[in-house]
Each structure stands twice: as structure tokens, then as C-alpha cells.
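Worksheet: the structure to be examined is printed underneath.
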């Protein structure tokens, strides 16, 4: 699945961020389903998942604001950081747990 080019435009709207966030959440959910043992070991129970993209400060600021408005007091937040992969429309997930070096290719086809 190729993401639409407007999601990477410098003139992105909140709607573009929402669409990108939803797409990457879907990819992360796929990853979690395929790596349940890793999920149990690394993601705290009840954690809110926050999506970040390496090098995309505009999206990351939007994502942090979204999570800060939604997270409950004392609720853990797990940051799922995606890395650009050979082109602006593909990403790979990099696990963000501090004690793991797990890298999972999740490049969108």
C-alpha cells in the first residue's frame, strides 16, 4: 500500500496528519499481532500508543499533542517510532523500548 503524496507535503493539514497516523497505527497493529510475545514483554498494560516519524517534527508535535489530550493520569505511553525507508512514502517500524534493539521491516508496498 502506497501512501498518498499529500501526506508528505510541507502544507499538510490536520486531516492529513490524521490519515497518516491512522495508516501507521494500522501497520503497528499488524506488527503487534505478528509479535505478541514482544508486545507482552515491552508494552505496558493499558499503554496508549503514540506514533512518531523520525525526522518529521511537524507530525511528531501533532501526535504528542493528540496523545496529551487523550491520555489518562498515570497511563503509560508507548512511542512507536517509524523510520523513513528509501523514499518519502515508505516507513519501517523501529521498536522504541529502551532495552531492545528489535527492528521490524514494515515498509509499505
Fewest first, what order do 63, 23 take by the number of other Cβ atoms within 10 Å?
23, 63
Residues 24, 66 in order from fewest to most other beta-carbon atoms within 10 Å are 66, 24
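Values quoted throughout were computed directly from the atomic coordinates according to the rules given, and no laboratory measurement underlies them. These numbers come from a predicted model, not from an experiment. Quick reminder, even Gly has a Cβ in these numbers, built from the backbone with ideal geometry, and neighbours come from all protein chains shown.
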